[in-house]
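Working notes, beginning with the structure itself.
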Amino acid sequence: MIRIWVARSVVFLAAVTTTIPLRATEPLKFTVVGIDCADCAVPIRKALSAVPGVKNARVDWKAGTATVEVEEEFDREKIRKALQDIGYEAVFAGEKRKDLEPLPDEVRRTLDIASASDGEKIDVAKTIVPGKVTVFDYWADWCSPCHLLEIRLQHLLQANPRIAVRRVNVGRWDNAAAKQATREFQLKALPYVRVYDASGKFVGEQTSGKWNEIVQLIERAQLRGGTSSTRASTSR
């Protein structure tokens with residue numbers, strides 16, 4: 001009698017198990033604004049894979065698209081936010097493509113972004129922010145890529161409060177800041193970025209504004225750690 005009851009229970013449980021539907025995933029393909037090289041695919045794929053609920057993230061940098069697998073009720077805004085945080089924009093089917101937009105004024109005022117020089121020579125060691133990764137952003141008003149880089153840095157800082165940006169205006173290469181950067185750092189083109197870790201030590205530089213390379217420099221600086229400021233090393 002006991003054996004019959006156990007057998008019937010097993011059959012019943014098997015029947016119940018087979019009638020419970022699995023939560024199926026489906027591919028979601030979308031445009032990624034700002035991707036322009038094969039190296040850009042790495043941080044994008046990393047950011048997408050870190051979003052809860054996203055599986056099998058793939059990036060086609062030539063087509064400027066990404067594909068992920070998500071459940072039917074997945075909130076796409078999670079993907080949009082993840083990409084905005086690293087300086088890219090997700091555009092889904094039915095949406096109008098647009099460039100990455102500056103953050104609202106009230107949000108920008110909360111970020112650690114400040115002008116280090118409006119043309120004057122600067123003391124790099126004294127300008128570095130103690131305990132934070134400091135990004136020196138050399139720019140000019142006539143430089144269009146500089147404005148895009150500024151927006152990307154805004155979004156990056158919104159998600160990473162342990163980063164500070166100090167902007168240096170080189171004008172038309174005719175001011176003291178430009179002459180200093182040309183002499184000390186061999187600055188030849190814009191955008192130009194220098195990154196220092198939280199201890200004030202120089203990590204690296206990037207010319208031309210390639211975003212994936214700038215992100216890699218910042219990540220290297222973050223991995224070095226450091227919580228207190230020492231006398232900054234400005235050597236190459």
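The values are calculated or read from the model by the stated rules, or taken from the named source; none is laboratory data. Not measured: the values here are computed from a predicted model. FYI the Cβ positions are ideal-geometry reconstructions off the backbone, even for glycines, and counts take in every protein chain you see.
Within segment 169-191, residues that are farther than 15 Å from Ser117 by Cα have Cβ atoms under 8 Å from residues that are assigned to a helix (DSSP H, G or I) in these pairs: Leu187/Ala178; Leu187/Ala181; Lys188/Thr182; Leu190/Pro145; Leu190/Cys146; Pro191/Pro145; Pro191/Cys146; Pro191/Leu149, counting only partners at least 6 apart in sequence or on another chain. Screening the candidates Arg224, Arg220 for the property of being surrounded by fewer than 21 Cβ atoms within 10 Å (Cβ to Cβ), modelled with pLDDT of 95 or more and either among the basic types (Lys, Arg) or within 24 Å of Gly131 (Cβ to Cβ) (or both) yields one hit, Arg220.
Search segment 54-82 for residues being under 23 Å from Ala38 (Cβ atoms) and acidic (Asp, Glu), and hand back the single one that is surrounded by the most Cβ atoms within 10 Å (Cβ to Cβ). That would be Glu69. Residues of segment 76-103 being without any contact (Cβ under 8 Å) to a residue 12 or more places away in the chain and in a loop (DSSP other than H, G, I, E, B), which ones? If the condition is that a residue be without any contact (Cβ under 8 Å) to a residue 12 or more places away in the chain and in a loop (DSSP other than H, G, I, E, B), then Gly94, Glu95, Lys96 are the ones that fit.
Restricting segment 37-75 to residues that are part of a helix (DSSP H, G or I) and free of Cβ contacts under 8 Å to residues at least 12 places away in the same chain, the residue that is nearest to Val215 (Cα to Cα) is Lys46. Taking the criterion of being farther than 27 Å from Ala38 by Cβ, surrounded by fewer than 18 Cβ atoms within 10 Å (Cβ to Cβ) and β-branched (Val, Ile, Thr), would at least one residue in segment 176-187 satisfy it? The answer is yes, given that some residue of segment 176-187 is farther than 27 Å from Ala38 by Cβ, surrounded by fewer than 18 Cβ atoms within 10 Å (Cβ to Cβ) and β-branched (Val, Ile, Thr).
Residues that are in the same structural domain as Glu184 (by TED's automatic domain parsing), surrounded by fewer than 17 Cβ atoms within 10 Å (Cβ to Cβ) and within 17 Å of Gln222 (Cβ to Cβ) occur in segment 124-131; there is at least one.
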